[in-house]
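The values are calculated or read from the model by the stated rules, or taken from the named source; none is laboratory data. Predicted model, so just to flag it, every value in this text is computed and none were measured. Glycine gets a Cβ as well: all are built from the backbone with ideal geometry, and neighbour counts include every protein chain shown.
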Amino acid sequence: MTTHSGPPAAGVGVIHDIGYRHYQGPRLGRAAIIRALGWHSLRSAFGIGRGAKAKIIPVITFAIMCLPAVVNAIGMAQGGKQIVYYDTYVFQLRVFVMIIFVAAQAPELVSRDLRSHVLPLYFSRPLRRLDYPLAKLGAFILACLILLEIPLLLLYLGMISQAHGGGAIWDQTRALIPGLLVGLAWAVLLASLGLALASLSGRRAYATGSIAICFFLSWALAALLRGVTQTGGPGVAGAGARLSGLVSPFTVLDGLRQWLGGTSPTPLPPPGDLGPLYGVMFVLLLAAAAGGLAVRYRKAGVLQ
Amino acid sequence: MTTPVPLESGPPQAGPPPGGTGPGPGFVAAVIETSALTQRYPGAVTALDQLSVRVGPGITGLVGANGAGKSTLIKILLGLLTPTSGRVAVLGLDCARDGERIRARCGYMPEHDCLPPDVTATEFVTHLGRMSGLPPTAAKERAAESLRHVGLYEERYRQIGTYSTGMKQRVKLAQALVGDPQLLLLDEPTIGLDPAGRAAMLDLVSRIGTEFGISILVSSHLLGEIEQICDHLVVIDSGRLLRSDSMTSFTQVSQVLLIEVDEGTAELEAELAARGLRPRPQERALLVQIVSAETCDLVRDAVADLGLPLNRLEQRRRRVEELFRDDADPSAAEKEGAA
């Protein structure tokens, strides 16, 4: 082969001739690339493949989320009653944990790439423009599902370990399924909203702040409206109180649950005949978040 | 691969284009072909204006002042931008229809910084290898190999944030190379580098083009810089094609004789003028237009008669920059001249 001498002034620039080999192996298609990007993003949602610092929040939020299931299992083992339900889990705790998780981890998936201007490198590969947000969204929904559903499964295991007879296990299983579906609705909506908000800023702190503020303020606003409009005796909430939940994604999710037949009590009064509004609001929020994300990435790649 | 070509690290690549880059023009399939390509941005900004150009294999320089449309052209070639009008084909594929297939065969090195600071070069290039469609193991191998080819060894396990500008440019090149492309599109690869770093980067690009058998389109606003490594040059200005030609035709031997004497330049100038030539001083030398076969003899006799110490007498090779100073927009040439 030829020998090659780098420019002497370059110092580190000396390149040894070791020959170039062309790649002869298989090349995967677009679908496989999207899956690879999704897997990469899912790992980064839990700080895997990053430093120890990146794992702190995912680990802590996950541990806190599992706590009620463990407490319930211990209580059940000591002959107590079921205190945690599949469809609500522990509603307020769940809200706070999800605010923290989404606010901290959604920017991890999208803001970093915006910040370091790495998007042109993705878009100069066989991906299409919307494949990138699609993979990110899929990964983050899955990440939220892990956070929401694994505690439910733990709760279920705790329950059936104390259940006697096939009938009791069957009852638990039938109660679990709606709970899992509610978790799915939470994951889909919160992940979409979180990513859409995070994709607006390349600065991590801003992205985290905007998600936390939007989620927390709307949640506080819903509580405030509910308090102001709560008139009448217990059990008979006025229309104002029943509508108050429409301002926050968390109460929209709870209103949706109650409309679809969830019975476990939460601070939100049952929406009654206003239930369909919660269904509509859920769809609208979801469409706005997904649409916003799509619009953002149609443009973001051309910008640097 | 193709026959190995001994590579000189010296600057000018005179003579015929190196082997492996195909025979003369007209025989080889075009790597890039555009016809009447126009790109307008909102606000009546025309980035490309009826650009028709054909680029063959080998290393092609894309030269133009800042804002001439170089980056826009590269983005259109990758299918990242849809042109306002006109047609583009890359590697025989239509950019409008086959963007994905083109991108699967191209490597792109953007002009701007595009590296996350908090991952290692190995992780980053491996990930982008996967994004190019390589299976996991192949992506790892190719990442290690590309990083080695660009001259990063043990450093590749360090976080990119700790790298020097030169090393970052190498990582950018490695990620373009990881998918084993047929065509590399390099947007200002030497930007921000010191002279030694620029020389090393150009050397690397030249090696990739000649020894790896990968066609390269390399853009620069510094003509003097990339003319050293290119087989072919495309010059654009304000989105229009100024000239597209092989490097050899750019640097043909000109009909100008350069005479340099250690002393007595003024005397010689007068003497040559007296003998019917029209000498032009240039720095310490004199330039004389060769009008007939006797011109050289006249000059020789003049020097000998005056008894001056002759230092240099050569028929000058045209430098590319001068061409543009002659027949192009002077403002563009000025900016190009710097290197």
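Look at segment B:155-196 and say how many of its residues are over 12 Å from B:Phe124 (Cα atoms), among the charged types (D, E, K, R) and assigned to a loop (DSSP other than H, G, I, E, B).
So the count comes out to 3.
Taking the condition in contact (Cβ under 8 Å) with a residue 60 or more places away in the chain and either more than 8 Å from chain A (Cβ to nearest Cβ) or in contact with a Gly (Cβ under 9 Å, 6 or more places away or on another chain) (or both), does B:Leu222 pass?
Against the criterion (in contact (Cβ under 8 Å) with a residue 60 or more places away in the chain and either more than 8 Å from chain A (Cβ to nearest Cβ) or in contact with a Gly (Cβ under 9 Å, 6 or more places away or on another chain) (or both)), B:Leu222 qualifies.
In contact with a strand residue (DSSP E or B) (Cβ under 8 Å, 6 or more places away or on another chain), farther than 25 Å from B:Asp49 by Cα and without any contact (Cβ under 8 Å) to a residue 60 or more places away in the chain: which single residue out of B:Thr190, B:Thr251, B:Thr210 fits that description?
The match here is B:Thr190.
For segment B:161-182, name all the residues that are over 19 Å from B:Arg103 (Cβ atoms) and either surrounded by fewer than 22 Cβ atoms within 10 Å (Cβ to Cβ) or facing another protein chain (nearest Cβ under 8 Å) (or both).
Selection gives B:Gly161, B:Thr162, B:Tyr163, B:Ser164, B:Thr165, B:Gly166, B:Met167, B:Lys168.
Go through segment B:2-56 and report how many residues are at negative phi and modelled with pLDDT under 50.
So the count comes out to 21.
In segment B:229-264, which residues are surrounded by fewer than 18 Cβ atoms within 10 Å (Cβ to Cβ) and either among the acidic types (Asp, Glu) or over 30 Å from B:Gln39 (Cβ atoms) (or both)?
Answer for segment B:229-264, where residues must be surrounded by fewer than 18 Cβ atoms within 10 Å (Cβ to Cβ) and either among the acidic types (Asp, Glu) or over 30 Å from B:Gln39 (Cβ atoms) (or both): B:Asp245, B:Thr248, B:Gln252, B:Val253, B:Ser254, B:Gln255, B:Val256, B:Leu258, B:Glu260, B:Asp262, B:Glu263, B:Gly264.
This table checks each residue for (1) under 27 Å from A:Ile34 (Cα atoms); (2) in the same structural domain as B:Cys106 (by TED's automatic domain parsing); (3) without any contact (Cβ under 8 Å) to a residue 24 or more places away in the chain.
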{"position": "B:Phe124", "(1), (2), (3)": "yes, no, no"}
{"position": "B:Pro135", "(1), (2), (3)": "yes, no, yes"}
{"position": "B:Ala138", "(1), (2), (3)": "yes, no, yes"}
{"position": "B:Ser146", "(1), (2), (3)": "yes, no, no"}
{"position": "B:Glu155", "(1), (2), (3)": "no, no, no"}
{"position": "B:Gln159", "(1), (2), (3)": "yes, no, no"}
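Take the conditions in contact (Cβ under 8 Å) with a residue 24 or more places away in the chain, at the interface with another protein chain (Cβ under 9 Å from one of its Cβ atoms) and either more than 18 Å from A:Gln24 (Cβ to Cβ) or crowded, with 23+ Cβ neighbours inside 10 Å (or both) and apply them to B:Leu185. Does it pass?
Considered against the rule, which asks whether it is in contact (Cβ under 8 Å) with a residue 24 or more places away in the chain, at the interface with another protein chain (Cβ under 9 Å from one of its Cβ atoms) and either more than 18 Å from A:Gln24 (Cβ to Cβ) or crowded, with 23+ Cβ neighbours inside 10 Å (or both), B:Leu185 comes out as yes.
Consider A:Arg43 against the criteria (1) without any contact (Cβ under 8 Å) to a residue 12 or more places away in the chain; (2) in contact with a strand residue (DSSP E or B) (Cβ under 7 Å, 6 or more places away or on another chain): it satisfies all of them except one. Which criterion is unmet?
Only one criterion is unmet by A:Arg43, namely (2).
Can you pull out every residue in segment B:224-243 that is over 12 Å from the mean Cα position of the chain (by Cα) and part of a strand (DSSP E or B)?
Result: B:Ile236, B:Asp237, B:Arg240, B:Leu241, B:Leu242, B:Arg243.
Can you spot a residue in segment B:135-154 that is assigned to a strand (DSSP E or B) and either within 13 Å of another protein chain (Cβ to nearest Cβ) or farther than 26 Å from A:Gly49 by Cβ (or both)?
No, there is no match, as no residue in segment B:135-154 is assigned to a strand (DSSP E or B) and either within 13 Å of another protein chain (Cβ to nearest Cβ) or farther than 26 Å from A:Gly49 by Cβ (or both).
Can you find even one residue in segment A:45-52 that is surrounded by 12 or more Cβ atoms within 10 Å (Cβ to Cβ), of a type in the set (D, E, K, R) and at pLDDT below 95?
yes
Can we say A:Gly49 is within 10 Å of chain B (Cβ to nearest Cβ), free of Cβ contacts under 8 Å to residues at least 24 places away in the same chain and in contact with a helix residue (DSSP H, G or I) (Cβ under 6 Å, 6 or more places away or on another chain)?
Taking the combined requirement at face value, the residue satisfies it.
Within segment B:245-260, can one find any residue that is assigned to a strand (DSSP E or B), modelled with pLDDT of 80 or more, within 30 Å of B:Val45 (Cβ to Cβ) and in the same structural domain as B:Thr210 (by TED's automatic domain parsing)?
Yes, there is a match, as at least one residue in segment B:245-260 is assigned to a strand (DSSP E or B), modelled with pLDDT of 80 or more, within 30 Å of B:Val45 (Cβ to Cβ) and in the same structural domain as B:Thr210 (by TED's automatic domain parsing).
So which residues in segment B:106-130 are more than 9 Å from chain A (Cβ to nearest Cβ) and either surrounded by fewer than 20 Cβ atoms within 10 Å (Cβ to Cβ) or of a type in the set (S, T, N, Q) (or both), if there are any at all?
Correct list: B:Thr120, B:Thr122, B:Thr126.
Taking segment B:197-216 as the region of interest, how many residues are within 9 Å of chain A (Cβ to nearest Cβ) and either touching a Pro at 6+ places or on another chain (Cβ under 7 Å) or among the aromatic types (Phe, Trp, Tyr) (or both)?
Looking only at that region, the number is 7.
Among (1) modelled with pLDDT of 90 or more; (2) loosely packed, with under 13 Cβ neighbours inside 10 Å; (3) not acidic (Asp, Glu), where does A:Ile18 come up short?
It is condition (1) that A:Ile18 fails.
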